[in-house]
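Taken together, the values in this text are just the output of simple stated rules run on the coordinates, not laboratory data. In this text, all values refer to a predicted model and were calculated from it rather than measured experimentally. In this analysis, Cβ positions are derived from the backbone assuming ideal geometry, glycine residues included, and neighbour counts consider all displayed protein chains.
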Ligand code: NAD
């Protein structure tokens, strides 16, 4: 392929980025440019001993970091906020070369850590301040809720939003006083490595944020065994493995997993907006967004109208390998992932589904391109009828009643995101509330929920445990210390006091306690 690599992505820059990854074995992994399949850099692979050392270094740095006043820690992120924006184009270059996504999605990805910093810079002082509560004996006792950092957090990130999942999820953990050891996907280690170098330029102490690289099953166990908490984003199958190991170690974990997300279009929806939304929902980031749409439910009365417009808009999409803002849709992440997407389509067709448009790989554009694809007649006997495809493939269904649409939307093991479109917003919200999903977007696909950093965002059912964003997106990285003070020993019977008299006074004290305003 004759696509010109971005000028910022020089060999020297790439070498500098990967030099941060420890590898005493000298083993490397060939990190390739997705559009061309050419090797960009040899990525060092970390051994269990390297991972142990990374945790030890992060732990040493963490003690000093946690002892700093919160204002000093937050000052780092104020500077980082500006740096991340100033360097957004370079970050975009790295995201594109390693993931193959189109530039429009890559630049949007760079905004996520910035938005997360913005939110927690405002919210962290309140969340991390000690909260004084009343003790059991009014006036004579207090209990104070103190937030302590967990220690060193292990973060395991996927390839689809490598910069957002690798960096954004570390920000609140660092603000709370933790150290980090991050394991990015081998394919997409460059942009998170660049994010860490920007954080250090902003003043993050060296050593506090470590990176280790390797195949998941090689690195994962040692990482989890050394961590005080694990933040995982990836598939449901891997999430189960991570959760089991964290459980055995009795450490907490947050699991952000896959989806098979439905979109319900109501009769009164604005179809101009629905078609635009559907394009992004199905094909944004080449269908590799955990919250993207793989199932669309249309009222039978408007099915053909939607189908005609959606197919025409899909066929007008410009698919291509380019480092400018031209293409509407970019590549899949790898030839292996393209094979997986293709196999889902072939399985559906073999079992009776119809390809309305698309359905083919596009080797003329690059080694991992696949056409935006619309299917009809997908059933639960087909792989893509139940499992996440994670590519630019969407199935259309007609429904007769809203109850039926809700039942179909809920007929899945996943529960990550749903999208409901309707002119009567109140009614659309009522429909949305009936969907078993951690996120529901009314008259949007996913951005409104995901960009609302003040509200927790996570999956239910097999789509996850816990959430990012919101207060719990920071508090999960802390332990609560209950610091209780009794000013005078008044609990229990006094020496020589008749026990019946003591019990009587205690019971009447309990009655009073419910009525006082002291909590
Ligand atoms: P994956 O589960 O294969 O890999 C995710 C990460 O886990 C990678 O870094 C991988 O190397 C590592 N890993 C794999 N096996 C491991 C093991 N045994 N122990 C420890 N680490 C291991 O997922 P993927 O294919 O890279 O990513 C796509 C998936 O991620 C999709 O299912 C998508 O829906 C999901 N995802 C979810 C969210 C969310 O917020 N819910 C966001 C992005 C992606």
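Using a basic spin-label model with each label point 7 Å from the Cα along Cα→Cβ, how many nm lie between residue 300 and residue 500?
Reported label-point gap for residue 300 and residue 500 is 7.9 nm.
Share of antiparallel DSSP beta bridges in the chain, in percent to the nearest 5?
Given both bridge residues lie in the chain, the antiparallel proportion sits at roughly 40 percent.
Any idea what the alpha-carbon Rg over 2.2 N^0.38 Å comes to for the stretch 358-419?
1.34
Please give the calculated 222 nm ellipticity per residue for the chain, where each DSSP H segment of at least 4 residues contributes -39500 (n - 2.57) and the sum is spread over every residue; nearest 500 deg cm²/dmol?
It lands at -13000 deg cm²/dmol.
In whole Å, what are the extents of the chain along the principal axes defined by its C-alpha atoms, from largest to smallest?
91, 60, 38
Given contacts defined as C-alpha pairs under 8 Å and at least six residues apart, what's the relative contact order of the stretch 1-114, whole-number percent?
Rounded, it is 25 percent for the stretch 1-114.
Tell me the relative contact order for the stretch 192-331 as a rounded percent, counting alpha carbon contacts under 8 Å between residues six or more apart. Display every interim value, and only then the final one.
Working: 133 pairs, mean separation 22.5, N = 140.
Here the relative contact order equals 16 percent.
Along Cα→Cβ, 7 Å out, is where each label goes; now give me the distance between the ones at residue 484 and residue 386 in nm to one decimal.
The answer from the label model is 4.9 nm.
Using the C-alpha atoms of the stretch 230-323, what convex hull volume per residue, in cubic angstrom, is computed? List each step's numbers first, then the result.
On the way: hull volume 13.0 nm³, N = 94.
Taking the convex hull of the Cα positions in the stretch 230-323, it is 139 Å³ per residue.
Just to check, using Stokes-Einstein with a Kirkwood Rh over alpha carbon pairs, what's the diffusion coefficient of the stretch 73-137 at 10 °C and 1.306 mPa s in µm²/s? Walk me through the intermediate numbers first.
Numbers: Rh = 14.0 Å.
Translational D for this selection: 113 µm²/s.
For the chain, take the longest principal axis of its alpha carbons; what is the angle in degrees between that and the long axis of helix 70-86, to the nearest 10 within 0 to 90?
For helix 70-86, the angle is close to 10 degrees.
Where does the Debye-calculated log10 I(q)/I(0) of the stretch 358-496 sit at q = 0.14, 0.17, 0.22 Å⁻¹, using only Cα point scatterers of equal weight, no solvent?
Reported log10 I(q)/I(0), two decimals: -0.85, -1.10, -1.39.
Using r as the Cβ-Cβ distance of residue 12 and residue 376, and R0 as 56 Å, what FRET efficiency do you calculate, to the nearest 0.05?
Values: r = 51 Å, r/R0 = 0.91.
Efficiency for this residue pair is about 0.65.
What is the pair-distance distribution P(r) of the stretch 261-453, computed from all Cα-Cα distances in 10 Å bins starting at 0, with each bin given as a whole percent?
Per 10 Å bin, starting at zero, the Cα-Cα P(r) for the stretch 261-453 comes out as 10, 39, 37, 13, 1 percent.
Need one number: % antiparallel among DSSP beta bridges in the stretch 261-453, to the nearest 5. Don't skip to the answer; put the middle values down first.
Details: 4 of 25 bridges.
Counting only bridges with both partners in the stretch 261-453, antiparallel ones make up about 15 percent.
Taking every alpha carbon pair in the stretch 1-125, what does the distance histogram look like in 5 angstrom bins from 0, in percent?
2, 9, 14, 15, 16, 17, 16, 8, 3, 1, 0
Over the chain, what relative contact order in percent results from Cα pairs under 8 Å that are six or more residues apart? The partial results should precede the final answer.
On the way: 1098 pairs, mean separation 89.8, N = 519.
Once divided by the residue count of the chain, the mean separation gives 17 percent.
Hey, what angle do you get for helix 236-248 against the long axis of the chain, alpha-carbon based, 0 to 90 degrees rounded to 10?
In the chain, helix 236-248 runs at an angle near 20 degrees to the longest axis.
Between residue 248 and residue 364, what is the label-point separation in nm under the 7 Å Cα-to-beta-carbon projection?
My value for the distance between the label points is 5.1 nm.
Can you tell me the 0 to 90 degree angle between the C-alpha axis of helix 271-283 and the longest principal axis of the chain, rounded to 10?
80
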